[in-house]
Amino acid sequence: MAYEEPVTDYDNIVENCTCAFCGCNCDDLDYLIKDGHVVAVRHACRLGASKIMEDMDQRLMVPMIRGEDGELAETDWDTALDKAAELIAGAVRPIFYGWSETSIETMKHGIRLGELVGAVLDNQATICHGPSLQAVQNVGYPVMTLGEVKNRADMCVYTGSNPMNSHPRHLARYSTFPRGWFRPRGRFDRTVVTMDPKFSDTAKMSDIWVGFEQNGDYGFYNAIRAVLKGKELQHDYISGIPKEDIYELAEAMKNTQFGALFFGLGLTHTLSKQRNIDIAIQMVQDLNKHTKWVLMPMRGHYNVNGFNIFMAYEMGFPYGVDFSRGYPRYMNGETNTIDLLTRKECDVFMVVAADPGAHYPGGAVKHLAEIPVIQLDIHWGPSTEIADVVLPGSFIGVEAGGTSYRMDGVPIYMKKAIDKPETCRDDEWIVRELLERVEKIKAEQAIASK
Amino acid sequence: MEYILKNGIVYDPANNVAGEKKDVMFKDGKIVDNVSSDAKILDVTDKIVMPAGVDPHAHVAGPKLVTGRIYRPEDSRKGVTAKKGVCRSESGFSIPSCPATGYRYSRMGYGTVTEAAVPPLEAKHTHEEIMAIPNVDVTPLPLFGNNWFVLQYVKEGQIEEIAAFISSWLKIVKGYGIKIVNPCGSEAWGWGMNVHGIDDPAPYWDVTGREMVRALSQANEMLGLPHSIHVHPNDLGHPGNFPTTVSTMDCVKDVEKNSSVRNQTIHITHAQFHSYGGTSWRDAESGAGEVADYVNKNKHVTCDVGQVTLDETTTMTADAPMEYDLSRLNGLKWANKDIELETAAGLVPFIYSGKAPVSSLQWAIGLELFLKIEDPWQVCLTTDHPNAGPFIRYPRIISWLMSNQRRQEMMDNREVHPWSHKRTSLATLDREYDFNEIAIITRAAAAKIYGYQDRGELTPGYNADIAVYDLNPNDIDPSKEPAAIEQAFGNAMYTIKDGQILVKDGEVVQIKPSQTIWTNVQGYEEQEKMIMEKVMPTFNRYYTVKFENYKVHDHYLPNPIEVKVQASK
């Protein structure tokens, strides 16, 4: 990494801003502001800092509508909103997907709109930590706030997750390095274990790396559980790990004072999917017979947990909530976005602060290309290429305030630091406008039908 | 807008009105003495009129609830209804969604509910849910019983510091009073341990439950908060725990009350879970007699019951070690949520069945408490929703309390296991509550215990929070018609909140945003400033959020009711 001179040319500093990147929601960032732009960010990792500083890169600036010629053309807000409202009001099976990179305040209008038109509301959990939520529903959810780990943990385990790359400040701010109340020497008071087939950057700085073979997760955790229950292992190697190592590891885990297990998509998306999480959760539950253990999914987006929490308190279900029958339904494999798209059920798709064009399987994207797509986002992305209406929003935590929930469920109000580009609008305002315009269309239809 | 509720039979215990036929008038959201001739008349001839219900202890909003909803879709699916009229869709049975919570309280004629456990770090979450609950005002009680700052000051014996800390923190998190849950036990859970009894110290801190309860009680009285300390004692749900409960009540006996708006200095919550005798579940028996006896002899105590309703429910409490033990006992999925520097929480689904000896024993112990505590002003109706059962069962509990015949029938017909009469004295208790006593335990007493000066009575100037039930008390024998009682109390004829008719004939007809009730202590600014200087270095070092982002901003309280209290020495 090349040395960069510190930025000294700035007008003012805004302190205690919250990072709008990963589920760490670091809320200690200082923005250095010059001429209404963030020119430097203190305390953030490179991922967060670059997202915040390069907010104008490939920025969607004006509302656009795809014309007859297949090209997106600039238009004014009224026209774009009317067009989007018309599409939503006329839809039979609309999906409103995304929401993980916008505020709870925006979702509040979104759910009203969803209830009004009978849409499916879904978020990125459907393609990331959905299996974790399924597992939670199967066997339980023993979690904590991250400060518990900072203050108490003497063993941190990362499995199927590489936070050094994906959540760079997770170790620095919450789990491994910080000095906690009962761990005054920070890193030196903790044992860090990475359980992952890859010798990842996190594994490199761990005390122990357990490189079980690919798709060996379930067998490996099953073996630890067996050892915890006092059983003899029948094979010399389990998931590629010598059984002596498993005995040793289980003993070490039992003899910690406070252990925390963090798991990522490496666990949710290998062969046994939610069953991997089932067994990891059960292992943590078993460990609690001996000492204190907790676990936590490494949530990706800064408000992906927020959407699950929001939907649960509004309607009782975390994601994939279908209002098409006038009441909320939640059925994995039936009311999730990917299933609805691959079955070609969906006829209008609104994507709010997400990029299905980049993340979805081919079959789902293929259907998206065939139906009207409304995009509400701040940056250009593959989804823009398939969008028919583009509504440029604003950057939560930088240009607009709003509530988000950290991966451990700690709510944070992400404050506004600078003004948004003049031609953009707040997400909250856009969705509220859509709601009001659709309500108007529906009311007119009701009168007409009488 | 002016209204007259005409010819109702009024039960207003705070004003000593017990079943008098009279009119109730209200104007612009307040009860008034008289109205003009333009007043709209609501004919409620021979119907029961009471102040709207006040629930002194329930879990309705916050991170625990959401954990329950996320991990129990099977419960959410139980209560699903389609959107209809002014109502959005509902979901959930033991853990209803926020809109459903508001509608269901409203249908029962309730106007106020306490959210009894708010972890300060996640108070914003609680307030967000309160915003999503319509029609019923919510009083949040933040948790202080395992807070590290409080533990530290108790250890140092600095009561004034605790008072200043409480005073600041109520402002910071927008809370109403002091909640204590398993003092020192939830902190011990940070290491997977628990404390046993009131004199077992927390690891490292070396502070006992007794010291915590006493210190917080003294701080509470130093500030003169409208509510007393609200205590969930140690040893919840353990056979043989009643001595702990009695010691907890007794340990603040000498603390002098410093508030004119309430009578008690300690409120014991869900006393049913704390009134067990015996030594294990094998020989468990009722300890309700001893607990009730103490309450009868001591006016500094009030309690609510936490009546078991014999349903499948979701238990959730900040008593996290208890929840872990419970999950090992019943084998159902265990959720846990520890909160840094503050508290812990746990959840486990639970099936209370009349066929099960323990559930039946718990059911009987709850009823024993209701029937043995002589002064209804010292006891409130709760189910510790959702721990002993969902709040929608209050009408059924009312029917049990009003009918000895029904209780005997349940025991005779084996609707409950014989432990209900073999190990308790329930079968020998023939007391039956009358409508006035019901009005006390469901509204008047709770309002008094919380020191509310704007609700819980039909006094002119108070909020027009009124419930009308479709029952003629002169025409019904509640002893013989429990089903009719349950039906009427579950479907209010009118629920009026701040003068607006929210429910008519059991249907929600209007939606009103809820309000959040919190206490703002005045005249303690110097001490608060001092304590913040003392607290901040520790805060900055050991919390994982910045103080600026910890505070609950006004953004989260669009409709606050700020109760100002003058701190007095």
(request) Output the residues belonging to the range B:170-192 that are touching a strand residue (DSSP E or B) at 6+ places or on another chain (Cβ under 8 Å) and either surrounded by fewer than 23 Cβ atoms within 10 Å (Cβ to Cβ) or aliphatic (A, V, I, L, M) (or both). (result) B:170, B:171, B:173, B:178, B:180, B:181, B:191, B:192
(request) Return yes or no: is residue A:119 over 18 Å from the mean Cα position of the chain (by Cα) and closer than 30 Å to residue A:443 by Cα? (result) yes
(message) Among the residues that make up the range B:380-389, is at least one of them more than 28 Å from residue B:263 (Cα to Cα) and crowded, with 23+ Cβ neighbours inside 10 Å?
(response) yes
(message) Go through (1) crowded, with 22+ Cβ neighbours inside 10 Å; (2) within 13 Å of chain B (Cβ to nearest Cβ); (3) assigned to a helix (DSSP H, G or I) for residue A:286 and report which single condition fails.
(response) (1)
(message) When you check residue B:166 against the structure, is it away from chain A (no Cβ under 14 Å) and of a type in the set (A, V, I, L, M), yes or no?
(response) yes
(request) Kindly provide the set of residues from the range B:258-286 that are farther than 19 Å from residue B:329 by Cβ and either among the charged types (D, E, K, R) or not assigned by TED's automatic domain parsing to the domain that holds residue B:225 (or both), ordered by number. (result) B:262
(request) Keeping to the range B:116-140, report how many residues are surrounded by 24 or more Cβ atoms within 10 Å (Cβ to Cβ) and either in contact with a His (Cβ under 7 Å, 6 or more places away or on another chain) or of a type in the set (Gly, Ala, Ser) (or both). (result) 3
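Could you tell me whether the range A:316-327 includes any residue that is more than 14 Å from chain B (Cβ to nearest Cβ) and surrounded by fewer than 24 Cβ atoms within 10 Å (Cβ to Cβ)?
Checking the range A:316-327: not a single residue is more than 14 Å from chain B (Cβ to nearest Cβ) and surrounded by fewer than 24 Cβ atoms within 10 Å (Cβ to Cβ).
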(request) For the range B:87-115, name all the residues that are more than 9 Å from every other protein chain (Cβ to nearest Cβ), outside any loop (DSSP other than H, G, I, E, B) and buried (at least 24 other Cβ atoms within 10 Å of the Cβ). (result) B:101, B:102, B:103, B:105, B:106, B:110, B:111, B:112, B:113, B:114, B:115
(message) If I ask for residues that are of a type in the set (S, T, N, Q) and in contact with a helix residue (DSSP H, G or I) (Cβ under 6 Å, 6 or more places away or on another chain), which ones from the range B:266-292 would you list?
(response) B:272, B:275, B:286
(request) Please specify each residue of the range A:105-116 satisfying the condition of being buried (at least 24 other Cβ atoms within 10 Å of the Cβ), within 12 Å of another protein chain (Cβ to nearest Cβ) and either touching a helix residue (DSSP H, G or I) at 6+ places or on another chain (Cβ under 6 Å) or among the acidic types (Asp, Glu) (or both). (result) A:107, A:111
(request) Identify, from the list B:457, B:481, B:486, the residue that is surrounded by 20 or more Cβ atoms within 10 Å (Cβ to Cβ), more than 30 Å from residue B:519 (Cβ to Cβ), of a type in the set (D, E, K, R) and at pLDDT 95 or above. (result) B:486
(message) Can you tell me which condition residue A:11 does not meet? The list is (1) of a type in the set (Asp, Glu); (2) loosely packed, with under 12 Cβ neighbours inside 10 Å; (3) modelled with pLDDT under 95, and all the others hold.
(response) (3)
(request) From (1) within 14 Å of chain B (Cβ to nearest Cβ); (2) over 24 Å from residue A:310 (Cβ atoms), pick out the condition that doesn't hold for residue A:401. (result) (2)
(request) Considering only the range A:407-434, state which residues are farther than 29 Å from residue B:67 by Cβ and within 14 Å of chain B (Cβ to nearest Cβ). (result) A:416, A:417
(request) Mind listing just one residue for me: the one in the range B:293-338 that is within 25 Å of residue B:120 (Cβ to Cβ) and assigned to a loop (DSSP other than H, G, I, E, B) and, of those, farthest from the other protein chains (Cβ to nearest Cβ)? (result) B:306
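To keep it simple, each residue is scored yes or no on (1) in a strand (DSSP E or B); (2) among the charged types (D, E, K, R); (3) touching a Pro at 6+ places or on another chain (Cβ under 6 Å).
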| position | (1), (2), (3) |
| --- | --- |
| A:310 | no, no, no |
| A:354 | no, no, no |
| A:358 | no, no, yes |
| A:366 | no, yes, no |
(request) Name, by its number, the condition in (1) closer than 16 Å to residue A:194 by Cα; (2) free of Cβ contacts under 8 Å to residues at least 60 places away in the same chain; (3) within 14 Å of chain B (Cβ to nearest Cβ) that does not hold for residue A:255. (result) (1)
(request) For residue A:438, state whether it is touching a Leu at 6+ places or on another chain (Cβ under 8 Å), under 25 Å from residue B:126 (Cβ atoms) and either away from chain B (no Cβ under 14 Å) or assigned to a helix (DSSP H, G or I) (or both). (result) no
(request) Taking the residues in the range B:66-86 that are assigned to a helix (DSSP H, G or I) and facing another protein chain (nearest Cβ under 7 Å) as candidates, determine which candidate is surrounded by the fewest Cβ atoms within 10 Å (Cβ to Cβ). (result) B:73
(request) Those residues that are among the charged types (D, E, K, R) and more than 30 Å from residue A:310 (Cβ to Cβ), I need them from the range B:35-69; list them, please. (result) B:38, B:40, B:43, B:46, B:47
(message) Need pairs with beta-carbon distance below 7 Å; first residue within 26 Å of residue A:287 (Cα to Cα) and within the range B:191-214, second in a loop (DSSP other than H, G, I, E, B) and among the polar types (S, T, N, Q); sequence gap 6+ or separate chains.
(response) B:191/A:257; B:192/A:288; B:192/A:291; B:195/B:234; B:197/B:234; B:200/B:208; B:201/B:208
(request) Report, by residue number, each residue of the range B:130-162 that is under 30 Å from residue B:53 (Cβ atoms), more than 17 Å from the chain's Cα centre (by Cα) and within 14 Å of another protein chain (Cβ to nearest Cβ). (result) B:131, B:132, B:134
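Every residue, every condition in (1) free of Cβ contacts under 8 Å to residues at least 24 places away in the same chain; (2) in the same structural domain as residue B:12 (by TED's automatic domain parsing); (3) more than 15 Å from the chain's Cα centre (by Cα), yes or no:
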{"site": "B:376", "(1), (2), (3)": "no, no, yes"}
{"site": "B:386", "(1), (2), (3)": "no, no, no"}
{"site": "B:398", "(1), (2), (3)": "no, no, yes"}
{"site": "B:402", "(1), (2), (3)": "no, no, yes"}
{"site": "B:419", "(1), (2), (3)": "no, no, yes"}
{"site": "B:457", "(1), (2), (3)": "no, no, yes"}
{"site": "B:470", "(1), (2), (3)": "no, yes, yes"}
(message) All but one of (1) of a type outside the set (Lys, Arg); (2) out of contact with any Pro (no Cβ under 8 Å at 6 or more places or on another chain); (3) crowded, with 22+ Cβ neighbours inside 10 Å hold for residue A:189; state the number of the condition that does not hold.
(response) (3)
(message) Any residue in the range A:137-160 that is facing chain B (nearest Cβ under 7 Å) and more than 11 Å from residue A:183 (Cβ to Cβ) sitting within a Cβ distance under 6 Å of a residue that is part of a helix (DSSP H, G or I) and of a type in the set (A, V, I, L, M)? List the pairs, counting only those 6 or more apart or interchain.
(response) A:139/A:281; A:140/A:281; A:142/A:284
(request) Might you let me know whether the range A:290-297 holds any residue that is crowded, with 23+ Cβ neighbours inside 10 Å and either away from chain B (no Cβ under 14 Å) or among the small types (Gly, Ala, Ser) (or both)? (result) no
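The values are calculated or read from the model by the stated rules, or taken from the named source; none is laboratory data. Because the structure is a prediction, the values reported are computed rather than measured. Here Cβ is always computed from backbone atoms with ideal geometry, including for glycine, and neighbour counts include all displayed protein chains.
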